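Q: After the structure tokens below, expect a handful of questions from me.
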Amino acid sequence: MADRGRGRRRPTLTLDKRTARAVAAGHPWIYGDVVVAAGLRLAAGDEVDVVDSVGAPLGRGLADGPDVVKAGGPAVRMISRDPRDPDLRKLIFRRVAAARRLRERVLPPDTTGFRLVHGEADGLPGLVVDRYGPVVVVRPDGDLWRRHRKVVVEALRSEGGRGIEFGLLRRREDEPVSLFGSPDVPESLVIREASRRYWVRPGHGQKTGFFLDQRPNRSEVQRLVRDGDRVLNLFSFTGGFSVAAALGGASRVVSVDRSPSILADCRDQFKLNDVDPEPHAFVSTDLFRGFGPELTEHAPFDLIVCDPPALSRRKADLPKARAAYRRLHREIAPLLAKEALLVTASCTARLTAADLLDDARAGLEEGGRRVTRELRRGGAGADHPVLPGFPRGRYLACLTLAID
């Protein structure tokens, strides 16, 4: 419970000068080696006062437990920098309400699938909450919220907005757990964004069931497509970009994913949007093993979308991930029509938009094609805000490139 330890004094974490400067500048994470050097043993969910080397207060944080300390990850995440902030329970309610008001301001009223809480940027570090109509899906990063789960649920039901009826908890490797509204959490439901509708399975699939962050980039693809274009959507998942391309006027959209069941959902997305799926193609293959004749037979394409899953989570794996991006773009090169467009995206940690552009150019040139112009540099929608002092929160890069 959030009020555990009421009446006890919070532990104090004293930072070294370098870490204190970063936290004061807005960085929300304090790493395990700093906690160890301070001689503190913190349990997951512990609230801790954070001070600089001379004892000046920097705010309050939530600990992520000893396992994170051993792994070298963010062991304490800043939750408050203002001494006037209330206790944790009231603060959680306040932050959820502020997050909801922001979405009401920045999103069109007909958007029924969106990120309600975006972790650090909404003042609830390590906590992601996506809303699909009447369902909210809670996806914590680490264990710091486990102790405070009941308060989070109460805040979502009270302050998350009208019409919330069900809550699901999804952790990376665990089966989804019903938080409230059991036992009738919908297996699937329809969300709306712009002129598009999508089936979503909140308890299944990647992330929380859909890639909500790509909303503005789907709209850009729909705008770019011209009547009669042939479009290839690589790593299609359930067809977010595919539907956008079809509604834009594409005569043929080829959707590619490793999972046949995912592609069945992709086909259903076309029907949901009153698009006949028969002129289009749905190809099941592992793209990381190479592009086979099942793709080349449909070429050339006027527009290709390449949106692979994250290829690394650790800094040490980044060179291997960048090599994979270059290889993908080398395979894409011969599939592009003359004067085609390429929309290429990355959600890989530590890979910047500039890195993605370098890798795309290198891979395409190896395949005999050339990027002539960068037309657009996009990212996630406004429901995925970024802290000014935490550029790593800008994890999604999406480039629109003109190819010779």
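The values are calculated or read from the model by the stated rules, or taken from the named source; none is laboratory data. The shown structure was predicted, so the numbers you read here are calculated from the model rather than taken from an experiment. Glycine also receives a Cβ, built like all others from the backbone with ideal geometry; neighbour counts cover every protein chain displayed.
Q: Return yes or no: is Arg322 under 24 Å from Arg392 (Cα atoms) and in a helix (DSSP H, G or I)?
A: Working: under 24 Å from Arg392 (Cα atoms): yes; in a helix (DSSP H, G or I): yes.
It is true that Arg322 is under 24 Å from Arg392 (Cα atoms) and in a helix (DSSP H, G or I).
Q: Is it fair to say Val128 is outside the structural domain of Glu47 (by TED's automatic domain parsing) and in contact with a Gly (Cβ under 7 Å, 6 or more places away or on another chain)?
A: Numbers: outside the structural domain of Glu47 (by TED's automatic domain parsing): yes; in contact with a Gly (Cβ under 7 Å, 6 or more places away or on another chain): yes.
So Val128 fits the description; yes.
Q: Another question, then. Select, from Arg100, Arg105, the only residue that is outside any strand (DSSP E or B) and over 13 Å from His384 (Cα atoms).
A: On the way: Arg100 fails: over 13 Å from His384 (Cα atoms).
When all the criteria are applied, what remains is Arg105.
Q: Further, regarding this structure: Go through (1) surrounded by fewer than 18 Cβ atoms within 10 Å (Cβ to Cβ); (2) in a strand (DSSP E or B) one by one and return the number of the condition Glu365 breaks.
A: Of (1) surrounded by fewer than 18 Cβ atoms within 10 Å (Cβ to Cβ); (2) in a strand (DSSP E or B), only one is false for Glu365: (2).
Q: With (1) over 18 Å from Arg215 (Cα atoms); (2) touching a residue at least 12 places away in the same chain (Cβ under 8 Å); (3) not aliphatic (A, V, I, L, M) as the list, and Cys266 as the residue in question, which single condition is left unmet?
A: (1)
Q: Inside the range 108-163, can you point out the residues that are of a type in the set (Ser, Thr, Tyr) and either surrounded by fewer than 18 Cβ atoms within 10 Å (Cβ to Cβ) or without any contact (Cβ under 8 Å) to a residue 60 or more places away in the chain (or both)?
A: Scanning the range 108-163 gives a single hit, Ser158.
Q: Tally the residues that are touching a residue at least 40 places away in the same chain (Cβ under 8 Å), under 27 Å from the mean Cα position of the chain (by Cα) and not in a loop (DSSP other than H, G, I, E, B), restricting the search to the range 328-354.
A: 10
Q: Looking at the range 255-314, which of its residues are loosely packed, with under 15 Cβ neighbours inside 10 Å and over 30 Å from Ser195 (Cα atoms)?
A: Asp286, Phe288, Arg289, Gly290, Gly292, Pro293, Glu294, Thr296, Glu297, Arg313, Arg314
Q: Continuing with this model, one more query. So, Ser182, is that one closer than 21 Å to His118 by Cα, over 21 Å from the mean Cα position of the chain (by Cα) and either surrounded by fewer than 19 Cβ atoms within 10 Å (Cβ to Cβ) or without any contact (Cβ under 8 Å) to a residue 12 or more places away in the chain (or both) or not? So that I can check it myself, show each step before the final result.
A: On the way: closer than 21 Å to His118 by Cα: no; over 21 Å from the mean Cα position of the chain (by Cα): yes; either surrounded by fewer than 19 Cβ atoms within 10 Å (Cβ to Cβ) or without any contact (Cβ under 8 Å) to a residue 12 or more places away in the chain (or both): yes.
In short, no.
Q: Does the range 50-97 hold any residues that are over 15 Å from Leu144 (Cβ atoms) and of a type in the set (S, T, N, Q), and which are they?
A: The answer is Ser53, and nothing else.
Every residue, every condition in (1) within 29 Å of Gly113 (Cβ to Cβ); (2) in contact with a Leu (Cβ under 7 Å, 6 or more places away or on another chain), yes or no:
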position: Val305; (1), (2): yes, yes
position: Pro309; (1), (2): yes, no
position: Lys320; (1), (2): no, no
position: Ser346; (1), (2): yes, yes
position: Ala360; (1), (2): yes, yes
position: Thr372; (1), (2): no, no
position: Ala397; (1), (2): yes, yes
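Q: Can you report the number of residues in the range 148-183 which are within 30 Å of Pro66 (Cα to Cα) and either among the aliphatic types (A, V, I, L, M) or touching a Leu at 6+ places or on another chain (Cβ under 9 Å) (or both)? First the steps, then the outcome.
A: Just the residues of the range 148-183 that are within 30 Å of Pro66 (Cα to Cα), to begin with: 148-156, 167-180.
Retained after the next criterion (residues that are either among the aliphatic types (A, V, I, L, M) or touching a Leu at 6+ places or on another chain (Cβ under 9 Å) (or both)): 148-149, 151-153, 155-156, 167-169, 176-180.
So the answer is 15.
Each row is one residue, and each column tells you yes or no for (1) out of contact with any Ser or Thr (no Cβ under 6 Å at 6 or more places or on another chain); (2) of a type in the set (A, V, I, L, M, F, W, C).
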| site | (1), (2) |
| --- | --- |
| His204 | yes, no |
| Lys207 | yes, no |
| Phe211 | yes, yes |
| Val225 | yes, yes |
| Gly228 | no, no |
| Phe235 | yes, yes |
| Phe241 | yes, yes |
| Pro277 | yes, no |
| Ala281 | yes, yes |
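Q: Hey, another quick one. Of the residues Gly65, Gly61, Gly39, Gly73, which single one is outside the structural domain of Arg162 (by TED's automatic domain parsing), farther than 18 Å from Pro11 by Cβ and not aliphatic (A, V, I, L, M)?
A: Details: Gly65 fails: farther than 18 Å from Pro11 by Cβ; Gly61 fails: farther than 18 Å from Pro11 by Cβ; Gly39 fails: farther than 18 Å from Pro11 by Cβ.
Of Gly65, Gly61, Gly39, Gly73, the one residue that is outside the structural domain of Arg162 (by TED's automatic domain parsing), farther than 18 Å from Pro11 by Cβ and not aliphatic (A, V, I, L, M) is Gly73.
Q: Residues to consider are Ala194, Ala244, Ala264; find the one that is at pLDDT below 95 and not acidic (Asp, Glu).
A: Values: Ala244 fails: at pLDDT below 95; Ala264 fails: at pLDDT below 95.
Of Ala194, Ala244, Ala264, the one residue that is at pLDDT below 95 and not acidic (Asp, Glu) is Ala194.
Q: On to the next question. Give the range 192-224 a look and list any residue that's under 16 Å from the mean Cα position of the chain (by Cα) and in a strand (DSSP E or B), or say none.
A: Val200, the sole residue that qualifies.
Q: Considering the range 258-278 alone, what residues qualify as being under 26 Å from Leu328 (Cα atoms) and either touching a Leu at 6+ places or on another chain (Cβ under 8 Å) or part of a loop (DSSP other than H, G, I, E, B) (or both)?
A: Arg258, Ser259
Q: Condition first: within 20 Å of Ile332 (Cα to Cα), charged (D, E, K, R) and either in contact (Cβ under 8 Å) with a residue 60 or more places away in the chain or not in a helix (DSSP H, G or I) (or both). Can you find one or more residues in the range 248-257 that meet it?
A: yes
Q: So, restricting to helices (runs of 4 or more DSSP H) that lie completely within the range 1-87, which ones have at least 3 residues that are modelled with pLDDT under 95? Before you say what the answer is, go through the steps one by one.
A: Working: elements: 17-24, 32-37, 66-71.
The helices (runs of 4 or more DSSP H) meeting that bar are 32-37, 66-71.
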